[in-house]
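**Student:** Provided herewith is a single structure, encoded as structure tokens, for subsequent inquiry.
The values are calculated or read from the model by the stated rules, or taken from the named source; none is laboratory data. Please read these numbers as outputs of a predicted model, since none were measured by experiment. Accessible surface areas use protein heavy atoms only, side chains included; no ligands, DNA or RNA. Shrake-Rupley method; radii C 1.70, N 1.55, O 1.52, S 1.80 Å.
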Amino acid sequence: MSTTRRTRNLSATFVAIGVVLTAFQPTTAFAATEQVSQPPADIGELSTTLKAVITERNQQILSDPAISSSRIQLQLFSAKSKAKVAAEYDELKARKARLAAYGQGYSSVITTFESESFKFEAERATAEITERTDLTYTTGGPPESYRYEQIVEFTKTDSGWTIDSVKPKNEGGVPPSTVVSAAQLAPAPGARKPLILGPGQVATEAKASAPNSHVPQTKPGAGPKSDQEVTLAAGYNYTAMTNYALNWALGRNGAYRSFGNDCQNFVSQSLKAGGWTDQGGWYTYDSSWWYTFANQTYSWVGAQNFHNFAVGQGRVSYLSYLNDLGPADVLQVHWPEGTPDVDHSMFVTYSPWSAGTRDIRVSYHTTDTLNRSIWNLYSSFPYATWYGLRT
């Protein structure tokens, strides 16, 4: 395996509005500007402005039209950015409609701001802000939560400060449910739209073929895991796996190294917590899977490398239907751009039956996210290809 392959597969590489969180940070006091000579009134105005636009953006996804139709904060954007933000709002509205087709929606959103800092230069300013957002589903169940670091750029005019752009602090990862990427506004021409199960529809295959031809196919699992199937099975403790993922989805376990693209590292840790044993061998070989204080295998941290290992060594089997995903299963995705490799790994942390279909939630790292619905992911990325792996 080449170094390029390793870099390519260190989890999600989808170029979108995403974020890399390197560590769990508790709520902190807001940081002051680095230039103490800047008038406090400017700092207060910028803080109020950026919180208002982020809050309104997040409300666009809500099922309640009385709240989600508000766009009064668009006036805070500069002329060159207003059209782009309006298009993002339109996409969030369309995403809400697609999600409703799968019997789901969001009833409420709560956004808090854990930290903010400002830099000023002449008539321009830059703010870094970290939000924590919790979304409640209309179907009940646990809320979806995420942390998102973003950079907001401002220009001062005669009438006050206006926003030029809002972008992720770090590229990579999966954009949150309330964020629209440039790629989502312009999906790949001719991209194949895979079909998955929705209300009243017949289940269809979750995969067409293994992403790499050298990965052997395996027979699909016998059926969905039950939420009650949490005792030891095949030597694995699925309760321990799920609890680990729930505990660390929004943070980083200091017992392990953390990576910029951390999604597969998080999945591997969760599997290890439930009894997956090391497989010895050279760290670049996809027939190996281990982690030590000094190093780890490519398959521990690379989404495609893990796929090669887990399928090739018989640790997992392909599921025929995404609706079969159960607790502690792994969901992987390939974006239409780039090579055919798997791009991102997620861990199933919730999956009861609801209204004839599974209300399946996944948790993952890079953009650290807890209990996001897979139907939400599909409605956000309708051109992706999905792989359900039974652990």
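**Student:** Quick one: pull the percent of accessible area on segment 300-391 belonging to carbon and sulfur, 1.4 Å probe, ligands and nucleic acids left out. Let's see the in-between values first.
**Tutor:** Details: 890 of 1630 Å².
Result for segment 300-391: 54 percent of the exposed heavy-atom area is carbon or sulfur.
**Student:** Where the centre of each part is set by its Cα atoms, how far does segment 340-380 sit from segment 74-130, in angstrom?
**Tutor:** Between the Cα centres of segment 340-380 and segment 74-130 lies a distance of 22 Å.
**Student:** What does the accessible area of Lys119 come to, in Å² to the nearest 10, when a probe of 1.4 Å is used?
**Tutor:** For Lys119, solvent-accessible area is about 110 Å².
**Student:** Once the cut-off is 17 Å, how many percent of the Cα-Cα pairs in segment 122-181 end up in the long-distance tail?
**Tutor:** Working: 919 of 1770 pairs.
Of the Cα pairs, 52 percent sit more than 17 Å apart.
**Student:** Separate question: Using the Karplus curve 6.51 cos²θ - 1.76 cosθ + 1.60 with θ = phi - 60°, what ³J(HN,Hα) values do you get for each residue of segment 49-54, in whole Hz, with x for Gly and Pro?
**Tutor:** Per-residue couplings from phi come out as 5, 5, 5, 5, 6, 5 Hz.
**Student:** Let me ask something else. Classify segment 37-106 as rounded, prolate or oblate from the Cα gyration tensor: take a ≥ b ≥ c as the square roots of its eigenvalues, call it rounded if a/c is under 1.5, otherwise prolate when a/b beats b/c and oblate if not. Let's see the in-between values first.
**Tutor:** Working: a/c = 3.53, a/b = 2.20, b/c = 1.61.
Prolate is the answer for segment 37-106, as a/c is 1.5 or above and a/b outweighs b/c.
**Student:** Further question on the same structure: Over segment 55-134, with the other protein chains present, what is the accessible area per residue in square angstrom, probe 1.4 angstrom? Please report the intermediate quantities before stating the final value.
**Tutor:** Working: 3680 Å² over 80 residues.
Value returned for segment 55-134: 46 Å² of accessible area per residue.
**Student:** When averaged across all projection directions, what area in nm² does the alpha-carbon convex hull of segment 28-172 cover?
**Tutor:** Details: hull surface 38.8 nm².
Reported value for the Cα convex hull: 9.7 nm².
**Student:** Given 10 °C and 1.306 mPa s, compute D for segment 308-352 with the Stokes-Einstein relation, Rh being the Kirkwood radius over Cα pairs; round to the nearest whole µm²/s.
**Tutor:** 133
**Student:** Please go through the residue pairs Lys82/Lys167; Lys80/Lys156; Lys119/Lys167; Lys82/Lys156; Lys84/Lys156 and name each one whose alpha carbons sit more than 18 Å apart in this structure.
**Tutor:** Working: Lys82/Lys167 14 Å; Lys80/Lys156 14 Å; Lys119/Lys167 16 Å; Lys82/Lys156 16 Å; Lys84/Lys156 20 Å.
Distance filter (> 18 Å) returns Lys84/Lys156.
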